[in-house]
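J.: Before I ask anything, let me first share the structure, which is written out below as structure tokens.
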Amino acid sequence: MPSKNMLPKGQRRRTVKPEYRATRGVEPSGPPVIPVLEIEDDAEDNIHAFTAAPESTGMRLDQYLAQAIPDISRARVQMLIENGQVRVGGQSAKAKLKLQGGEAIEIEGTPQPPPLHAFAEEIPLNILYEDENLAVIDKAAGMMVHAGSGATDDERNHGTLVNALLHHFNKLSNVGGELRPGIVHRLDKQTSGIILVAKDDSTHRKLSEMFANRDLEKTYLALVHGRLARENITVNLPIGRDLVRRTRMTTRRPIESEGVRNAVSHVKVLERIHSPRYGDFTFVEVEIETGRTHQIRVHLQALGHPVVGDTLYGAPHHIGQPPHTLSLDRNFLHATKLVFEHPRTRKEMTMEAPLPKDLSELLDAIHAD
């Protein structure tokens with residue numbers, strides 16, 4: 001049976017190169033962008049009423065509400081629906097209800113969950129430096145810096161860096177609020193390395209100003225798939241939320257779009273590795289001028305060289321082919337160096353953290369082939 005992708009009979013010798021060239025590099029149009037709903041905390045009778053946007057046509061109710069209401073997870077939406085707190089056209093609705101657009105929707109109660117509060121937990125920390133104003137931590141991969149504001153249960157509030165800091169230090173700054181005491185900047189959960197912590201509000205503000213003004217140096221080490229041809233590459237591509245896959249960021253939205261911000265990364269090749277068994281890799285050093293969400297991972301993916309282990313941005317789950325495979329249950333990305341001026345002493349501080357054991361062992365295994 002002929003494939004549905006084949007040209008009609010009689011046209012199969014016709015070239016499709018012009019059509020291919022015309023569409024090459026053009027991003028396919030994605031689903032419509034869902035307008036954000038403004039939910040007021042002081043709604044009358046604690047009932048929030050609104051009309052489903054026309055863009056919701058064909059979407060499930062839970063899918064639409066999760067995209068339309070900021071800082072709410074789909075799991076939280078489904079819980080509200082199961083509790084009978086969501087009505088469509090005055091009637092209780094199921095999560096799988098397909099919307100037509102224009103329906104009257106009511107939510108009873110507070111859509112956003114109450115904020116979690118950080119608490120002290122006895123968790124080991126690798127403290128690289130500490131004084132009365134600040135501390136420098138070598139964060140392990142797998143540790144969240146703090147619980148997300150949209151977390152709906154206490155489980156996600158356990159095991160965070162903030163909880164460990166509260167146990168180890170008597171005092172932390174309050175600028176970041178109750179959920180993020182002391183946190184000046186962040187690292188992704190699966191990224192290891194140096195993170196700076198403020199113990200008082202004055203230090204916190206001065207450090208935040210340094211980050212905003214780019215008055216410090218942040219250097220990362222990464223192993224990427226493939227062979228980077230150029231020794232030094234500056235990636236200057238804006239980054240914004242991927243409107244289709246919301247857990248990802250993307251460089252393919254124009255800078256004029258809402259939520260898209262400029263981002264600059266400087267990539268330097270340290271070593272190119274060819275392994276007959278596992279393939280080609282490039283070990284790189286990356287300095288960033290900006291600190292956007294997933295910045296290094298997104299920029300390296302944009303170059304066509306995803307970070308090893310970063311399956312969210314296109315890296316394979318396993319390296320090599322059976323029976324000879326390697327795997328890494330995290331991203332091969334490590335914040336290895338931070339250079340900054342101490343806010344109080346004005347002394348230049350250079351903090352370094354070597355590659356952790358899991359990354360160095362993977363690198364050794366590839367070298368050994």
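Laboratory data are not the source of any read-out in this text; all were calculated from the coordinates shown. Since we're looking at a predicted model, the values are computed, not measured. Don't worry about glycine lacking a Cβ; one is built from the backbone with ideal geometry, like all the others, and counts go over all protein chains shown.
J.: Whole-Hz Karplus ³J(HN,Hα) for the range 200-208, in order, using 6.51 cos²θ - 1.76 cosθ + 1.60 and θ = phi - 60°, x for Gly and Pro?
T.: The phi angles translate into 9, 5, 4, 4, 4, 5, 5, 5, 4 Hz.
J.: Kirkwood hydrodynamic radius for the range 159-253: how many Å is it when counted over pairs of different Cα atoms?
T.: Answer for the range 159-253: a Kirkwood hydrodynamic radius of 16.3 Å.
J.: So if I restrict to the alpha-carbon atoms in the range 293-365, what is the Rg, and what is Dmax, the biggest pairwise distance, in Å?
T.: 16.3, 56
J.: Rounded, prolate or oblate: pick one for the range 44-108, where a ≥ b ≥ c are the square roots of the eigenvalues of its C-alpha gyration tensor, a/c under 1.5 means rounded, and failing that, prolate if a/b is larger than b/c, else oblate. Mind showing how you got there, number by number?
T.: Details: a/c = 1.33, a/b = 1.13, b/c = 1.18.
Judged from the Cα gyration tensor, the range 44-108 comes out rounded (a/c under 1.5).
J.: While we're looking at this one, here's another question. Using +1 at the C-beta of Lys and Arg and -1 at the C-beta of Asp and Glu, which of Val308, Tyr220, Val264 has the Cα lying farthest in the positive direction of the dipole of the range 209-339?
T.: Positive-most Cα among the choices belongs to Val308.
J.: For Arg344 and Glu287, what does the FRET efficiency come to when R0 = 22 Å and r is the distance between their Cβ atoms, rounded to the nearest 0.05?
T.: 0.30
J.: Rounded to the nearest 0.05, what FRET efficiency do His324 and Asp215 have when you use their Cβ-Cβ distance and R0 = 56 Å? Spell out each step's value before the answer.
T.: Numbers: r = 47 Å, r/R0 = 0.84.
Result of the calculation: an efficiency of 0.75.
J.: Moving on. Quickly rank 276-285, 255-264 as a protection proxy: mean count of other C-beta atoms within 10 Å, highest first.
T.: 276-285, 255-264
J.: If you plug each phi of the range 126-139 into the Karplus form 6.51 cos²θ - 1.76 cosθ + 1.60 with θ = phi - 60°, what whole-Hz ³J(HN,Hα) values come out, in order, with x for Gly and Pro?
T.: Listing the rounded values in order: 9, 8, 7, 7, 8, 9, 6, 9, 8, 9, 10, 10, 9, 6 Hz.
J.: So, one more: In nm, to one decimal, how far is the modelled label at Glu361 from the one at Ser257, with both set 7 Å along Cα→Cβ?
T.: About 4.0 nm, to one decimal.
J.: Using the Cα centre as the reference, give the magnitude of the dipole from point charges on the C-beta atoms of the range 214-369 (Lys, Arg: +1; Asp, Glu: -1; all else neutral), rounded to the nearest 20 debye.
T.: Here the range 214-369 has a charge dipole of around 520 debye.
J.: Compute the distance in nm between two label points, each set 7 Å from the Cα along the Cα-to-Cβ direction, one at Glu231 and one at Lys96.
T.: 6.1 nm
J.: Scale the Cα Rg of the range 213-303 by the rule-of-thumb value 2.2 N^0.38 Å and send over the ratio, two decimals. Could you put the intermediate results ahead of the total?
T.: On the way: Rg = 14.2 Å, N = 91, 2.2 N^0.38 = 12.2 Å.
Normalised by 2.2 N^0.38 Å, the Cα Rg of the range 213-303 equals 1.17.
J.: Rounded if a/c is under 1.5, else prolate if a/b is larger than b/c, else oblate: which is the range 214-369, with a ≥ b ≥ c the root eigenvalues of its Cα gyration tensor?
T.: In terms of gyration-tensor shape, oblate.
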